[in-house]
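Data first, discussion second: the structure below is written as structure tokens.
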Amino acid sequence: MRSVQNSQISPRERSWFYWFTVPIYPYSQRRTIRREVVENAVWIFEQLQGIFYVVTPIRMTVVKLDAGGLLVYAPVAPTVECLRLLDDVVSVHGDVKYIILPTASGLEHKVFIPPFARKFPNAQIYVAPDQWSYPVNLPLSWLGFPRDRTHLLDGRSVPFGDQFEYAKLGPIRLGLGPFEEIALFDRRSKTLMVTDSVVSVPEVAPEILQIDPYPLLFHSRETGAEGIEDTEANRRKGWQRVALFTFYFQPSGLEVADLVPSVREVAKAPDRSKKAFFGWYPFHWKAGWQRSFEALRKHRLIVAPILQRLILNREPQIVIDWAEKVASWDFERVIPCHLEAPIAADAKEFRAAFNFLEKSGDRTLPDQDFELLKQLEQGLIKTKVTPPPKDKI
């Protein structure tokens, strides 16, 4: 699957003006690559995002409509570069007709909808119905969504229903607002699109992260006294650690140094630039940490540990019912908004990813890696930010 990017493009054309609305890495610069998943039918556009060099792809999917034109699922930042890559598809297959916001709580997806919609003034916007904002719950029109073009995916028929089916996961009621996700199935290409519900962990870093490997190399070190060395082995090791950070925040194989001793170590760092966080590196990885990464790759599709422990276990029956409905569709590939894509997986593999919610389920991850998530869960329950989990079914 060939990717398309432009290494000669100027920083201005990768500039994302509204980066301050969600101020995370890479801030105002958003590189985009495009890959064709199904010839003349499905394309993915990838950027990256992260915190403290814990980076992951963020992805939008573009699908050709039988009636002409395009549907866009979960837009990314509409930089000049991104729009040029999309214009290549538009010039052949027609303009963007529908824009889908498939989540109620994912700010990293929601923030791109208004500016993306302004670039395509004739497109209709369809959103997960139980939208909310924090700290003040504002109407979508106040957040920049065009009032006359924004519609809810609330179970009623949609103008693209002849080609697509959709299913709503949730709402799962949490303290600040509900979790909700829309799965979208393109019958024509047999492609399932999801947001966060399932992912697949690749052995090596996705292509968008390999273009500038500094975040991977930053986390490949054993101590802050080591220099940055770009080798294939270091990229692989750095990616595996980044993946564990992403899923667990602090997996069992990681020790985080106390602040004062870690600051004292800064004097030994060979690079104390701003890019290197002024030489601060408070991480120590124990022997055998790789076993936690290998567990994530045991199955092709998994539900992220954060969702397993803090969200989906609040309503197991709702989640299982949704997974059953999605598993009734005849898809051949899954495209999530993060990590690897496309994933060659069918309905049986998708349904199995959720059996951690069942008493007889065998899709378990190492319990010791959940320690920090367990502590977070207890705190969230105690402060009534989230309700307690329900029993497995």
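The values are calculated or read from the model by the stated rules, or taken from the named source; none is laboratory data. What you are looking at is a predicted structure, and each value in this text was computed from that prediction instead of being measured. Backbone-built Cβ (ideal geometry, glycine too); neighbour counts: all protein chains shown. Surface accessibility is based on the protein's heavy atoms, side chains included, excluding ligands, DNA and RNA. Shrake-Rupley method; radii C 1.70, N 1.55, O 1.52, S 1.80 Å.
Give me Rg/Rg_expected for region 213-347, where Rg uses Cα atoms only and Rg_expected = 2.2 N^0.38 Å with N residues. Walk me through the numbers before you get to the answer.
Working: Rg = 18.8 Å, N = 135, 2.2 N^0.38 = 14.2 Å.
Rounded to two decimals, the normalised Rg is 1.33.
If you count, for each residue, the other Cβ atoms within 10 Å and average over each peptide, how do 230-237, 98-105 line up from highest to lowest? Intermediate results must be reported in sequence, preceding the final value.
On the way: 230-237: 14.1, 98-105: 25.1.
Final packing ranking: 98-105, 230-237.
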- Message: Can you give me the C-alpha center-to-center distance between region 25-43 and region 376-393, rounded to a whole angstrom?
- Response: 37 Å
- Using every pair of alpha-carbon atoms in region 189-241, split the distances into 10 Å bins beginning at 0 and state the percent of pairs per bin, rounded to integers. 23, 41, 21, 12, 2, 0
- Item | Selection from Gly94, Leu259, Thr32, by position along the positive dipole direction of the chain (Cβ) | Leu259
- Query: How big, in percent, is the set of alpha carbon pairs in region 111-161 lying more than 19 Å apart?
  - Reply: 28 percent
- Quick one: what are the phi-derived ³J(HN,Hα) couplings along region 19-30, Karplus 6.51/-1.76/1.60 with θ = phi - 60°, whole Hz, x for glycine and proline? 4, 5, 5, 9, x, 10, 4, x, 6, 8, 10, 10
- Query: Could you give the distance between the Cα centres of region 51-67 and region 175-195, to the whole Å?
  - Reply: 13 Å
- Message: Could you tell me the calculated FRET efficiency between Asp321 and Val256, based on Cβ-Cβ distance and R0 = 41 angstrom, to the nearest 0.05?
- Response: 0.55
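When the dipole is taken about the Cα centre of the chain, and only Lys, Arg (+1) and Asp, Glu (-1) are charged at their Cβ, what size is it in debye, to the nearest 20? Present the calculation step by step, with values, prior to reporting the outcome.
Working: 50 positive and 47 negative charges, 119 e Å.
Here the size comes out at about 580 debye.
When the helices in the chain are scored as -39500 (n - 2.57) per DSSP H run of 4 or longer and the sum is shared across all residues, what 222 nm value do you end up with, to the nearest 500 deg cm²/dmol? Mind showing how you got there, number by number?
On the way: 12 runs with 100 residues, N = 393.
Using -39500 (n - 2.57) per qualifying helix, the result is -7000 deg cm²/dmol.
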- DSSP bridge pairs, the chain: antiparallel proportion in percent, nearest 5: 75 percent
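Tell me, what % of the accessible area of the chain is carbon and sulfur with a 1.4 angstrom probe?
On the way: 9190 of 17680 Å².
Of the solvent-accessible surface of the chain, carbon and sulfur hold 52 percent.
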- Item | region 1-93: Cα Rg divided by the 2.2 N^0.38 Å rule of thumb | 1.10
- Message: What FRET efficiency comes out for Ala344 versus Lys392 if R0 is 41 angstrom and r is the Cβ-Cβ distance? Round to the nearest 0.05.
- Response: 0.90
- Note on the structure: Per region 128-219, sqrt(5λ) over the Cα gyration tensor eigenvalues, sorted largest first, in Å, gives 30, 22, 14
- hull vol. (C-alpha, convex hull) per residue for region 198-271, Å³ -> 102 Å³
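Mind checking the per residue accessible area of the chain for me, 1.4 Å probe, whole number of Å²?
Details: 17680 Å² over 393 residues.
Per-residue accessible area for the chain comes out at 45 Å².
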- Go through Val54, Gly279, Pro121 and say which Cα lies farthest out towards the positive end of the charge dipole of the chain; charges sit on Cβ, +1 for Lys and Arg, -1 for Asp and Glu. Gly279
- Query: Based only on Cα atoms, what Rg/Rh ratio does region 293-361 have, Rh being taken as Kirkwood's radius?
  - Reply: 0.94
- Message: Spelling out what I want: for every residue of region 178-187, take phi, set θ = phi - 60°, compute 6.51 cos²θ - 1.76 cosθ + 1.60 (Karplus), and round to whole Hz; glycine and proline get x.
- Response: x, 8, 7, 8, 10, 8, 10, 10, 8, 4
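For a protection proxy built on the mean count of beta-carbon atoms within 10 angstrom, sort 38-45, 146-153 highest first, please.
On the way: 38-45: 18.2, 146-153: 14.4.
Peptide ranking by packing, descending: 38-45, 146-153.
Can you list, largest first and rounded to whole Å, the semi-axes you get for region 322-393 by taking the square root of 5 times each eigenvalue of its Cα gyration tensor? Don't skip to the end; give the middle numbers.
On the way: eigenvalues 161, 47, 34 Å².
The equivalent ellipsoid of region 322-393 has semi-axes of 28, 15, 13 Å.
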- Using mean Cβ contacts within 10 Å as the protection proxy, how do 290-298, 191-199, 129-137, 57-65 order, highest first? 191-199, 57-65, 290-298, 129-137
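Only four residue types carry charge here, +1 at the Cβ of Lys and Arg and -1 at the Cβ of Asp and Glu. Report the dipole size of region 1-152 about the Cα centre in Debye, rounded to the nearest 20. Show your work: numbers first, answer last.
Values: 16 positive and 12 negative charges, 53 e Å.
For region 1-152, the charge dipole is close to 260 debye.
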